[in-house]
Amino acid sequence: MATVCVSSSNGSTGREGGESSDRSRGGIVIDTERAELAGGWPVIGGYDWASDEVGSYEFDFSTREELRLWAERWYIARDVEDACLIRLGVSHPNELVFHGKGAHTDNFFFVYTYLFNQMFVRVPFTAFQSAVLRRLNVAPSQLHPNGWACIQAFVTMCSALAITPTVSVFLHYFNVRPIAKRDWVSLTFVHDCCLFKPYSESLKNFKHRYFKVIIKEGSRSQFHIAAGGPLFPFYWTRDPAKINVVPVGSMTPVEIEAVKTIDALSRRLPTQNLVKCLGHEDFDQMPRKTSYVLSSRKRDPRSRGSSHGLTAAQSRMVTDPPVMVVVAQPAPVVNLESSEAAAVPPTTALDKKRKSKEEKLSSKRSRQENSAPHPLPGGLFNPTFNVGGRGAMLVWYLREFANRRNAMDVQAALAAKKKVVKDLRAQLEALTLENKDCGKQQSKLQEEMDEVRGELSTTAQQLKDTRSRSDRIVEEAGRLKLEARQLAEREKELQSKVDRLIEEVERANEAIATLNTNAQIEHFMLFESYAAKRLCWVSTVRYGSSFYELIFLKCTDSMIGFAILHVGRQGFFL
């Protein structure tokens with residue numbers, strides 16, 4: 001297997017084709033990429049439970065050279081001994097970040113690059129980090145970056161407060177709500193206990209940049225428990241734990257005291273500032289002993305010594321003693337406002353003079369041997385301990401590094417912050433005085449608003465009634481229009497019938513007139529014919545304006561009849 005060694009010192013890189021000859025100076029071996037199979041890369045199935053979004057992001061590191069160039073710029077392991085425990089590798093073209101071990105012989109786990117260059121995580125993980133992953137039942141790459149930021153900020157905060165970070169205390173402030181389609185697992189704050197600000201509102205560029213951390217066969221003890229199981233899930237799980245708030249009643253007395261101390265802090269501490277403390281060179285030089293934070297004098301691969309390996313391994317054991325902090329030299333007096341200050345116990349010049357050279361040597365020897373020192377003074381455990389996010393960091397920095405060259409700068413920054421707080425309080429008091437009449441004005445405006453609302457309600461009801469009446473009128477008008485249209489059609493039909501009847505009557509009258517004329521003519525002709533045979537004499541008689549002719553006819557031989565013929569304009573009538 002051809003390998004490339006990434007040196008932990010600037011400018012020292014390994015040689016391709018074998019392990020680096022500069023291995024004694026510390027470095028991480030990078031596996032060469034595997035050649036494509038004859039039939040192509042097979043499709044890996046069985047991961048339908050994973051989110052389609054996660055599967056849509058392919059890795060950026062396609063060759064070991066690309067991974068080597070990135071790894072030379074950032075610290076992945078703490079020192080040479082830790083670097084010898086692992087190898088790095090690029091993903092195969094058919095592998096995604098949520099895929100499991102498959103046919104690989106060595107165990108490995110995927111990691112995103114942000115863990116090292118933004119969160120300052122180092123491999124192997126600390127016992128606290130491993131315990132959180134094991135409790136959440138998620139792989140390192142399965143936890144959302146904001147979740148990792150909460151873990152790292154919590155570690156920094158606990159280190160400053162001289163308390164031991166435990167899973168129970170951590171999950172007292174966070175919930176876990178896995179979604180149905182397995183995606184990155186996020187942590188949410190419990191109710192109103194928003195301990196930290198979000199590290200970032202939108203993290204988008206991390207999803208392509210991941211690689212493998214391969215566990216060497218001889219390093220199983222650093223990544224497995226005594227029973228043989230892994231310290232944390234190496235590969236994505238389809239059943240992340242659903243965790244509600246851990247109640248205080250289930251904690252130990254030490255954890256309860258830790259919760260009280262944390263509850264006294266202000267909320268929404270700056271997560272980015274706390275995480276950046278882990279990358280500060282002075283952070284690992286703080287004189288302390290903790291079960292979750294290594295106490296080596298040099299934490300990163302720039303360390304010149306190699307005696308840290310055993311100490312680092314022991315410091316990752318869960319059974320280490322609680323976090324204690326040694327105050328190497330007395331801290332200066334920090335005068336903060338009583339309502340928001342963390343009291344730091346004052347020390348006198350006489351106490352400083354009494355510290356002998358032998359005590360200084362003993363203190364130095366205690367720091368080197370990680371002996372259990374005494375805890376911080378009770379100022380931080382005072383129930384009135386309550387400072388803002390930046391104020392808390394400044395107090396912590398003054399307490400730990402008051403004897404350093406930049407102590408005056410920090411004190412000046414703290415004094416400036418105090419002045420800003422004082423000015424803000426003065427402005428608040430002025431605003432309070434100016435706004436005393438706001439209550440009365442608001443009450444008056446409220447009464448006027450109630451009256452307007454009453455009038456508006458009445459007007460709205462009237463408008464509603466008017467609209468109802470208008471709707472009824474429109475409906476009635478529509479009905480009347482329909483009836484009028486029907487009547488008009490009926491009238492048109494009747495008029496048509498009347499016209500037809502009139503035409504028929506006129507035709508009948510004409511026929512009757514014709515028949516009458518014909519009958520009269522026929523009667524006259526008959527009468528004339530008869531009269532010609534029987535006529536005796538004719539006498540004209542006038543009666544009024546009419547003339548009548550008396551026609552005497554001989555009906556028989558013995559009887560003479562007469563007929564009265566009316567002479568009118570239209571003829572004769574017998």
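Bear in mind these aren't lab numbers, they're just calculated from the coordinates by the rules spelled out. Source: prediction; values computed, not measured. Don't worry about glycine lacking a Cβ; one is built from the backbone with ideal geometry, like all the others, and counts go over all protein chains shown.
Scan around VAL121 for amide H atoms under 5 Å from its own, H built in the peptide plane at 1.01 Å from N, and keep only partners 5 or more places away or cross-chain.
PHE116
What's the extension gain from GLU201 to GLU257 if we count 0.36 nm per residue and subtract their Cα-Cα distance?
Values: separation 56, 0.36 × 56 = 20.16 nm, distance 3.21 nm.
The span from GLU201 to GLU257 would gain 17.0 nm if fully extended.
If you rank PHE125, PHE234 by fewest surrounding Cβ atoms within 10 Å, what's the result?
On the way: PHE125 22, PHE234 19.
Ascending number of Cβ neighbours within 10 Å: PHE234, PHE125.
Between SER529 and THR432, what is the label-to-label distance in nm when each label sits 7 Å out along the Cα-to-Cβ direction?
Rounded to a tenth, the inter-label distance reads 14.3 nm.
Long-range amide H contacts for LEU269: which residues qualify at under 5 Å (H placed 1.01 Å from N, peptide plane, sequence gap of 5 or more or a different chain)?
Those lying under 5 Å, H to H, from LEU269 are PHE196, LYS197.
For LEU88, which sequence-distant residues (separation of 5 or more, or a different chain) have an amide H within less than 5 Å of its own amide H, given hydrogens modelled in the peptide plane?
Close amide H contacts, sequence-distant or interchain: VAL29, ILE30, ASP31, ILE214.
For THR188, THR32, what's the fewest-to-most ordering of other Cβ within 10 Å of each Cβ?
Fewest-to-most ranking of THR188, THR32: THR188, THR32.
Over 23 Å between C-alpha atoms is what I'm after, so list which of LYS260/LYS418; LYS197/LYS276; LYS101/LYS207 land there. Could you put the intermediate results ahead of the total?
Details: LYS260/LYS418 25 Å; LYS197/LYS276 14 Å; LYS101/LYS207 20 Å.
As for pairs spanning more than 23 Å Cα to Cα, those are LYS260/LYS418.
When the chain is fully extended, how far beyond the present Cα-Cα distance does LYS440 get from ARG209, taking 0.36 nm per residue of separation?
Working: separation 231, 0.36 × 231 = 83.16 nm, distance 6.04 nm.
Stretched out fully, the LYS440 to ARG209 stretch lengthens by 77.1 nm.
Can you grab the distance from the C-alpha centre of the range 437-455 to the C-alpha centre of the range 104-157, Å, no decimals?
With the range 437-455 and the range 104-157 each reduced to a Cα centre, they are spaced 57 Å.
Using 7 Å Cα-to-Cβ label points, what is the GLN520/TYR57 separation (nm, one decimal)?
12.1 nm
If I histogram all Cα-Cα distances within the range 71-111 using bins 10 Å wide from 0, what percent of pairs lands in each bin?
Final binned percentages: 21, 49, 29, 1.
Give a quick list of trypsin sites (Lys or Arg not before Pro) in the range 162-263 that DSSP marks as loop, anything other than H, G, I, E or B, with at most 14 other Cβ atoms within 10 Å. It would help to have the intermediate numbers written out before the result.
On the way: sites: LYS181, ARG182, LYS204, LYS207, ARG209, LYS212, LYS216, ARG220, ARG238, LYS242, LYS260; in loops: LYS181, LYS204, LYS207, ARG209, LYS216, ARG238, LYS242.
The qualifying sites are LYS181, LYS204, ARG238, LYS242.
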